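A quick write-up on the structure given underneath.
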Amino acid sequence: MSSCISACGARGMVSRLAQLPTRILCKIGAAPGLMRLRRGAPVILMYHGVTADEGRGLVNHSGKHVNIDLFRRQLQMLSRCRRVAPLAVLVQALQRHEDVSGMVALTFDDGYLNNVECAAPVLIDLKLPATFFLTTGFIGAARWAWVDRLEAALHAAAKGQFRISLLDERVQLDAMMQRVELLRSIKVVLKRMSWDAAEASVRELEAQLHVEPTEPWGIYRFMSWDHARQLVGAGFEVGAHTVNHALLSRMPLAEAAHEISASREHIVAEVGSCSATFCYPNGKRTDYTQEVMEICRRQFTAALSTELGAARSDELYELRRVPVDAATIEDRLASLVVQAA
Ligand SMILES: [Zn+2]
């Protein structure tokens, strides 16, 4: 009798708890439980890279590359609690207004080499689908993304005092915090520039920091076209993310149209197919326009933004995603997924 009373009491407590807002339940650590109990809105996860290397110094300070063991645990949790589906299946279900509850699709932006070397083997092992969006001008090109080159340059700089013309000041680089602070200040300035101008500024900064220019190394390397073909051969999908990681709202429309269609055509020519979903570089609402969305409508069935939230059928050309980075431990991921709406 007493165990019945306590069981009833526990059930009452659970049902009272379940009525609390999701936000509060996540704050008290109930997100993994909610993942199991509720199917929830469909979610498209956005990764960049997966790495087996330990972070050191400023390398991966951005957190774009998720530790491979954490990646496996994230995927195992998603497999247990969600329907992990190919992006094309999720998009088609959204188009047809079918039941998409509990669906999750996995996407990787930019085309980093570790997508092939680290992420794909785990995905294959767990039999999970994914779509890899390639910035085609970087594929097989030993080319730096300027944000990566900036991070690598500040990591490599020796200790000492340096004159930084971009900020018009002298900076002391001894402690890690000073490097982190300089990285933050320079990023603020460069994010306002065109990609070409930002690239040129990072090269100038390298000279001022007495850092020898190198080809991309470690987590900063991009895959080759052979790697892209390997991904497709293994059953994954690759998609277009422009040629030069162009911010499409900040260039003439004809140039934006070329960035979109040339990346798609290059992928088709190299690997034989391209995802019917496009992926906007940077992906915030200010990074694409109605005209850019119109160009995408003519060539693709959907497009992905980086705005946070669940995927909705009334937003097919600016589908929201949930970002995953090096700090997204399983509880945090569960919390992001159950709160996406
Ligand atoms: Zn990108």
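The values are calculated or read from the model by the stated rules, or taken from the named source; none is laboratory data. Just so you know, these numbers come straight off a predicted model, no measurement behind them. As a convention, Cβ positions derive from the backbone with ideal geometry for all residues, glycine included, and neighbour counts pool all protein chains shown. With ligands, DNA and RNA removed, areas are computed over all heavy atoms of the protein, side chains included. Shrake-Rupley method; radii C 1.70, N 1.55, O 1.52, S 1.80 Å.
Quick check, is Ala254 out of contact with any His (no Cβ under 9 Å at 6 or more places or on another chain) and at pLDDT 95 or above?
Against the criterion (out of contact with any His (no Cβ under 9 Å at 6 or more places or on another chain) and at pLDDT 95 or above), Ala254 qualifies.
With the structure loaded, tell me whether Arg149 is touching an Asp or Glu at 6+ places or on another chain (Cβ under 8 Å), farther than 15 Å from Ala234 by Cα and open to solvent by 10 Å² or more (accessible area, probe 1.4 Å) or whether it fails that test.
yes
Using the structure shown, decide if Thr136 is assigned by TED's automatic domain parsing to the domain that holds Leu90, open to solvent by less than 10 Å² (accessible area, probe 1.4 Å) and closer than 24 Å to Ile68 by Cα. First the steps, then the outcome.
Values: assigned by TED's automatic domain parsing to the domain that holds Leu90: yes; open to solvent by less than 10 Å² (accessible area, probe 1.4 Å): yes; closer than 24 Å to Ile68 by Cα: no.
It is false that Thr136 is assigned by TED's automatic domain parsing to the domain that holds Leu90, open to solvent by less than 10 Å² (accessible area, probe 1.4 Å) and closer than 24 Å to Ile68 by Cα.
Do you know which residues across the stretch 230-270 are among the small types (Gly, Ala, Ser) and on the phi > 0 side of the Ramachandran plot?
Gly235
I'm trying to understand the selection: among the residues of the stretch 297-311, which are closer than 18 Å to Ala105 by Cβ and not β-branched (Val, Ile, Thr)? Reasoning before the result, please.
Going through the stretch 297-311, the residues closer than 18 Å to Ala105 by Cβ turn out to be 300-311.
The answer is Phe300, Ala302, Ala303, Leu304, Ser305, Glu307, Leu308, Gly309, Ala310, Ala311.
Could you pull out the residue among Ala88, Ala105, Ala157, Ala93 that is among the small types (Gly, Ala, Ser), out of contact with any Gly (no Cβ under 6 Å at 6 or more places or on another chain) and open to solvent by 20 Å² or more (accessible area, probe 1.4 Å)?
On the way: Ala105 fails: open to solvent by 20 Å² or more (accessible area, probe 1.4 Å); Ala157 fails: open to solvent by 20 Å² or more (accessible area, probe 1.4 Å); Ala93 fails: open to solvent by 20 Å² or more (accessible area, probe 1.4 Å).
That would be Ala88, the only listed residue that is among the small types (Gly, Ala, Ser), out of contact with any Gly (no Cβ under 6 Å at 6 or more places or on another chain) and open to solvent by 20 Å² or more (accessible area, probe 1.4 Å).
Can you name every residue in the stretch 203-229 that is part of a loop (DSSP other than H, G, I, E, B), away from the ligand (no atom under 16 Å from the Cβ) and on the phi < 0 side of the Ramachandran plot?
The initial filter retains those residues of the stretch 203-229 that are part of a loop (DSSP other than H, G, I, E, B), namely 209-217, 221, 223-224.
Going one step further and asking which of them are away from the ligand (no atom under 16 Å from the Cβ), we end up with 209-215, 217, 224.
Within the stretch 203-229, Leu209, Val211, Glu212, Pro213, Thr214, Glu215, Trp217, Ser224 meet the criteria.
Take residues that are within 21 Å of His61 (Cα to Cα) and within 15 Å of the ligand (Cβ to nearest atom) and tell me which of the helices (runs of 4 or more DSSP H) falling wholly in the stretch 78-171 contain 3 or more.
146-156
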